[in-house]
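Each remark here refers to the structure printed beneath this line.
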Amino acid sequence: MTSIAVVGSQWGDEGKGKITDFLGTTADLSVRANGGNNAGHTIDFDGKEFKMRLIPSGIFAAKLGAVIGNGVVINPEVLLGELDNLEKSGIDTSNLKISNRAHVIMPYHVMQDTYEEEAKGSLKVGTTKNGIGPTYMDKASRIGIRVCDLIDPETFAEKLRFNLESKNALFTKVYGKPAMDFDEIYNKYVEYGKRIAKYVCDTSLYVNDALDKDEKVLFEGAQGIMLDIDQGTYPFVSSSNSVSGGIASGSGIGANRIKTVLGICKAYTTRVGAGPFPTELHDETGDKIRDIAHEYGTVTGRPRRVGWFDSVALRHAKRVAGINALSLNLLDVFSGFDKIKICVAYDLNGEQIDYYPANLKEVEACQPVYEELPAWEEDITGAKSWEDLPEKAQAFVKRISEITGIPVVTVSVGPDREQTIVLQDPWTL
Ligand code: IMP
């Protein structure tokens, strides 16, 4: 069995796209298992740039193609837009498989997300307003519309009618907003269903079969462990399980079928949206990192919040997701800095702690305990091997590995696929 689950080990945007793109060239099958079009990354293929939110990178080259698993929530409009775009560029999309058990993001979910955020005022989560949370809410309430329902017009009409009645009551009576029209949604979505139908199947069978045949399966995790609905900084999280256990349930495989859990992290930390962030930088060092690394959201364009590397959060991610290898990205950002800080523990009311508190008031009271390392002068964007890195950069990487207890297997020194130093091939772990 050869499988790697790539998971974000911070608050998302760690550069998972670059690593999945890199590993995708050697994978036989790639699988998405959680989240929806709140995620997004850019893939360079054949000299063209593709902005992908739903379709896994395997669509470009993998022998067995790409799977959108049952744990993903699918906005059919976004999915078809991505498919059209790929087809226009001559990419064969026939090897895409979509789970019949995946839930569908409906237009009322997007509106509900927007209205709920408005109503929450200062308690708002800062969601991407793509309807992710309300779709998972309906899934848990057992009123969701699955892909197998969407492609069956009779069942779809029945479920849509039932749902729209309660959503419209909510919109008009609670939020004072307009009701949504059944026919308009029904006619559009039945057409979407027809177009999607040819890709739909029981993807669990397909993925398990690939694993049985010892094919290389790459699970492309979305968001980050600190945005996991159970293990993240609740309520400032997304609505799915981004831990490796969520990847197993979201793709219909047993948890023991994931061999390597590859955590992706940056040499610092970022997050978008609200919520506590102990190592956040509110000074010019934070601005400098944001500027050099272009820390603005792919999906929303929002400036990301920036802070020092937080090893308490990383060790939490390691525990709850079973991370056993680390890809360290954006090391090049620190060239020319005076010093780099790593948070090694939190001080909570005079006591040093090494866990991420559940209670956000406690997280807010946590003061990071820092260790300082010298940065390096040299531009490292052209480094091709470990030996090409200055000693101080090597020392930083070694310290991250020591402090997290996870071997660093790749180091990234720039956005291009070639700007990746491979210390150990993740497929051989
Ligand atoms: P939602 O997933 O749109 O409900 O947003 C919930 C929270 O997760 C917000 O703070 C978002 O900014 C954050 N979030 C969701 N997806 C991503 C992602 O792919 N990268 C980074 N943050 C994300």
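Of the residues R319, R315, which single one is at pLDDT 95 or above and either on the phi > 0 side of the Ramachandran plot or open to solvent by 40 Å² or more (accessible area, probe 1.4 Å) (or both)?
R319
Filter the range 136-151 down to the residues that are β-branched (V, I, T) and assigned to a helix (DSSP H, G or I) and list them by number. Talk me through it step by step, then tell me what you get.
Going residue by residue through the range 136-151, those that are β-branched (V, I, T) are 143, 145, 147, 151.
Selection gives V147 alone.
Tally up the residues in the range 47-71 that are more than 16 Å from the ligand (Cβ to nearest atom) and in contact (Cβ under 8 Å) with a residue 24 or more places away in the chain, please.
So in the range 47-71, the residues more than 16 Å from the ligand (Cβ to nearest atom) come out as 47-50, 58-67, 69-70.
Then drop every residue that is not in contact (Cβ under 8 Å) with a residue 24 or more places away in the chain, which leaves 48, 50, 58-67, 69-70.
Number satisfying all stated conditions: 14.
Only one of these is within 13 Å of the ligand (Cβ to nearest atom), in contact (Cβ under 8 Å) with a residue 40 or more places away in the chain and part of a helix (DSSP H, G or I): G133, G126. Name it. Quick ask: steps written out before the conclusion?
Values: G126 fails: part of a helix (DSSP H, G or I).
Only one candidate qualifies: G133.
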* Asked: Looking at the range 367-379, is at least one residue open to solvent by less than 20 Å² (accessible area, probe 1.4 Å), hydroxyl-bearing (S, T, Y) and not in a helix (DSSP H, G or I)?
  -> no
* To do: Report whether or not P178 is away from the ligand (no atom under 16 Å from the Cβ) and either open to solvent by less than 30 Å² (accessible area, probe 1.4 Å) or over 26 Å from the mean Cα position of the chain (by Cα) (or both).
  => yes
* With (1) more than 16 Å from the ligand (Cβ to nearest atom); (2) part of a loop (DSSP other than H, G, I, E, B); (3) touching an Asp or Glu at 6+ places or on another chain (Cβ under 6 Å) as the list, and F156 as the residue in question, which single condition is left unmet? -> (2)
* To do: Scan the range 415-427 for residues that are over 18 Å from L29 (Cβ atoms) and not in a loop (DSSP other than H, G, I, E, B) and jot them down.
  => T420, I421, V422
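Please enumerate the residues belonging to the range 21-37 that are within 13 Å of the ligand (Cβ to nearest atom) and either more than 18 Å from M226 (Cβ to Cβ) or surrounded by fewer than 24 Cβ atoms within 10 Å (Cβ to Cβ) (or both).
If we filter the range 21-37 for residues that are within 13 Å of the ligand (Cβ to nearest atom), which is where we start, we get 32, 34-37.
Selection gives R32, G36, N37.
Could you list all residues from the range 219-260 that are under 14 Å from the mean Cα position of the chain (by Cα), more than 14 Å from the ligand (Cβ to nearest atom) and not small (G, A, S)? Before you say what the answer is, go through the steps one by one.
Looking only at the range 219-260, we keep the residues that are under 14 Å from the mean Cα position of the chain (by Cα), and these are 219-229, 232, 237-244, 246-247, 250.
Right, trim to more than 14 Å from the ligand (Cβ to nearest atom) and you get 219, 243-244, 247, 250.
F219, V243, I247 - these are the residues of the range 219-260 that are under 14 Å from the mean Cα position of the chain (by Cα), more than 14 Å from the ligand (Cβ to nearest atom) and not small (G, A, S).
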* Could you list, in sequence order, all residues of the range 53-103 that are touching a Phe, Trp or Tyr at 6+ places or on another chain (Cβ under 9 Å) and among the basic types (K, R)? => K97
* Any chance the range 40-50 includes a residue that's open to solvent by 10 Å² or more (accessible area, probe 1.4 Å), closer than 19 Å to D228 by Cα and modelled with pLDDT of 95 or more? -> no
* Mind checking which pairs have a first residue in the range 322-343 that is under 16 Å from W386 (Cα atoms) and a second that is among the hydroxyl-bearing types (S, T, Y) and crowded, with 17+ Cβ neighbours inside 10 Å, Cβ under 6 Å, 6 or more apart or different chains? -> S327/T410; N329/S412
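If a residue must be of a type in the set (A, V, I, L, M, F, W, C) and more than 19 Å from I151 (Cα to Cα), how many such residues does the range 56-87 contain? Spell out the reasoning first.
Restricting attention to the range 56-87, the residues satisfying the condition of being of a type in the set (A, V, I, L, M, F, W, C) are 59-62, 64, 66-68, 72-74, 78-80, 83, 86.
In the following step, the residues that additionally are more than 19 Å from I151 (Cα to Cα) were identified as 59-62, 64, 66, 86.
Residues in the range 56-87 being of a type in the set (A, V, I, L, M, F, W, C) and more than 19 Å from I151 (Cα to Cα): 7 in total.
Listed here are the residues, each with its yes/no results for (1) closer than 29 Å to Y234 by Cα; (2) modelled with pLDDT of 95 or more; (3) in contact with a strand residue (DSSP E or B) (Cβ under 7 Å, 6 or more places away or on another chain).
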residue: K139; (1), (2), (3): yes, yes, yes
residue: R142; (1), (2), (3): yes, yes, no
residue: K159; (1), (2), (3): no, yes, no
residue: S166; (1), (2), (3): yes, yes, no
residue: A169; (1), (2), (3): yes, yes, no
residue: K177; (1), (2), (3): yes, yes, no
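The values are calculated or read from the model by the stated rules, or taken from the named source; none is laboratory data. The model shown is predicted, which means the values in this text are computed figures rather than measured ones. Quick reminder, even Gly has a Cβ in these numbers, built from the backbone with ideal geometry, and neighbours come from all protein chains shown. These area figures cover heavy atoms from the full protein model, side chains too; ligands, DNA and RNA do not enter into them. Shrake-Rupley method; radii C 1.70, N 1.55, O 1.52, S 1.80 Å.
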